[in-house]
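The structure appears right after this line, and notes come after that.
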Ligand SMILES: *Cc1c(COP(=O)(O)O)cnc(C)c1O
């Protein structure tokens, strides 16, 4: 064996020994509450397709039509000749949906975070993030080269301490730009909510800028289903609104919504937009259809069904979980090996809820990340509750010993 292979082999052995080894699971069907894996029909409680739109006829028809008209590939980056009509239609739909002046779409949410954060802050600047924000934000913050400060999860006192320090720092260095505070609205691993109103108040007090990632809230909260910022009435105070098109919206991609100037600036500066081939028309058109659907009466009715399903699931499990309603129900276990074992036992019963482990959450805070969809039936929810029954006491015990836990 050559040295390279030997090195990789040793690294992999280490990952296995820590019970952190991961493997791709091949799915032979469309995304749905029932999916085909290794020739079996599996009841799926693991997807982020919260409204059941990923396989919706309207999204599929939009994608097919876009392929017929604009082809399979976009041909070049947005700034060369890849900025197709469907991209512009999606951005108009996004701005209309989120009620912002403008919007910009990216190939994924991950690269939207990269593009926005790395253009907004650099070596001279300060970025302040919640301890449990998604890896895309952590990675972007590191790549930006800005001074990175992390506040304890949803801890306003800690955030204030950091903003006070930043204020002093900018006075001594005579630096004009403001610290950028970044949080999620609904956290991806625990489903708990950020105290957005208080965060807005604090960032205004200290003259900081705010970016909010609504990946798990877009389509689900607020009178117009724009997200949690709409629900708590602070959308207009957020400088940078981020989200993804691949979760409740049922397609793929990421977005930044905000002022016309913000979008013009990102078009000029966001490297993940500038140096990357434009998203394919099919994905973009499906996302536009997803937005239209979410805004329609059907979107409202799917959202209501989702919340009914969430309450049904929670009352069946009788678990005291995160504050605030969310389609994400973390079943905390703690130990990685134990979490793998529970997930494997469920899979034997044709149920998929994968064990989420480090580095997606902190070490020793492994859990099953159960997600509920509007597409689940009452029968499916009852079937899951029955299958989870043997471990309920264990989950309750782990919850009582653990604070919300996420990425380190
Ligand atoms: C999924 C997710 C992203 C990344 O979005 P993709 O479109 O999947 O790349 C960003 N932020 C959060 C909070 C997410 O959950």
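Things worth noting here:
- In this entry, residue 21 passes the filter for residues that are under 30 Å from residue 383 (Cα atoms), touching a helix residue (DSSP H, G or I) at 6+ places or on another chain (Cβ under 8 Å), in a loop (DSSP other than H, G, I, E, B) and free of Cβ contacts under 8 Å to residues at least 24 places away in the same chain.
- Selected residue (criterion: farthest from the chain's Cα centre (by Cα)) from residues of the stretch 79-111 that are surrounded by 22 or more Cβ atoms within 10 Å (Cβ to Cβ) and more than 25 Å from residue 216 (Cβ to Cβ): 84
- Any hit, the stretch 261-274, residues being within 30 Å of residue 300 (Cβ to Cβ) and more than 18 Å from the chain's Cα centre (by Cα): yes
- Residue check for residue 225: under 25 Å from residue 266 (Cα atoms), away from the ligand (no atom under 16 Å from the Cβ) and not in a helix (DSSP H, G or I): no
- Residue that is nearest to residue 199 (Cα to Cα), among those in the stretch 122-136 that are within 16 Å of the ligand (Cβ to nearest atom) and out of contact with any strand residue (DSSP E or B) (no Cβ under 6 Å at 6 or more places or on another chain): 132
- Filtered by the rule that a residue be within 15 Å of the ligand (Cβ to nearest atom) and closer than 28 Å to residue 200 by Cα, the stretch 252-269 gives 253, 254, 255, 256, 257.
- Filter result for residue 288 (out of contact with any helix residue (DSSP H, G or I) (no Cβ under 9 Å at 6 or more places or on another chain), assigned to a helix (DSSP H, G or I) and at pLDDT 95 or above): no
- Screening 74, 112 for residues that are at pLDDT 95 or above, in contact with a strand residue (DSSP E or B) (Cβ under 8 Å, 6 or more places away or on another chain) and in a helix (DSSP H, G or I) leaves exactly one candidate, 112.
- Selection within the stretch 145-175 - in a helix (DSSP H, G or I) and either farther than 25 Å from residue 189 by Cα or within 16 Å of the ligand (Cβ to nearest atom) (or both): 161, 163, 164, 165, 166, 167, 168, 169, 170, 171, 172, 173
- Considering the stretch 292-408, the qualifying helices (runs of 4 or more DSSP H), each wholly inside and each with 2 or more residues that are in contact (Cβ under 8 Å) with a residue 24 or more places away in the chain and within 23 Å of the chain's Cα centre (by Cα), run over 297-317, 336-348.
- Condition check for residue 29: away from the ligand (no atom under 16 Å from the Cβ), within 29 Å of residue 214 (Cα to Cα), at pLDDT 95 or above and not in a helix (DSSP H, G or I): yes
- Residue 178 meets all of the listed conditions (1) within 21 Å of the chain's Cα centre (by Cα); (2) not in a helix (DSSP H, G or I) but one, namely (1).
- Test: residue in the stretch 281-291 that is within 17 Å of residue 221 (Cβ to Cβ) and either within 16 Å of the ligand (Cβ to nearest atom) or without any contact (Cβ under 8 Å) to a residue 24 or more places away in the chain (or both): yes
- Some residue of the stretch 225-232 being closer than 17 Å to residue 129 by Cα and in contact with a strand residue (DSSP E or B) (Cβ under 8 Å, 6 or more places away or on another chain): no
- Condition check for residue 139: modelled with pLDDT of 95 or more, on the phi < 0 side of the Ramachandran plot, more than 16 Å from the ligand (Cβ to nearest atom) and surrounded by fewer than 22 Cβ atoms within 10 Å (Cβ to Cβ): no
- In the stretch 228-251, the residues that are more than 16 Å from the ligand (Cβ to nearest atom) and part of a helix (DSSP H, G or I): 230, 231, 232, 235, 236, 237
- Any hit, the stretch 53-74, residues being more than 21 Å from the chain's Cα centre (by Cα), on the phi > 0 side of the Ramachandran plot and either within 14 Å of the ligand (Cβ to nearest atom) or touching a residue at least 12 places away in the same chain (Cβ under 8 Å) (or both): yes
- Odd one out for residue 233 among (1) within 20 Å of residue 99 (Cβ to Cβ); (2) crowded, with 24+ Cβ neighbours inside 10 Å: (2)
- The C-beta contact set for the stretch 235-258 (first residue without any contact (Cβ under 8 Å) to a residue 40 or more places away in the chain, second residue surrounded by 24 or more Cβ atoms within 10 Å (Cβ to Cβ) and assigned to a helix (DSSP H, G or I), distance under 7 angstrom, 6+ apart or interchain) comprises 238/229.
- Of note, residue 94 does not satisfy the criterion of being in contact with a helix residue (DSSP H, G or I) (Cβ under 8 Å, 6 or more places away or on another chain) and assigned to a loop (DSSP other than H, G, I, E, B).
- Against the list (1) more than 27 Å from residue 178 (Cα to Cα); (2) away from the ligand (no atom under 16 Å from the Cβ), the condition residue 119 fails is (1).
The values are calculated or read from the model by the stated rules, or taken from the named source; none is laboratory data. In this text the structure is predicted, and so the values were computed from the model without any measurement. Methodologically, a virtual Cβ is constructed for each residue, glycine included, from the backbone with ideal geometry; neighbour enumeration extends over all protein chains shown.
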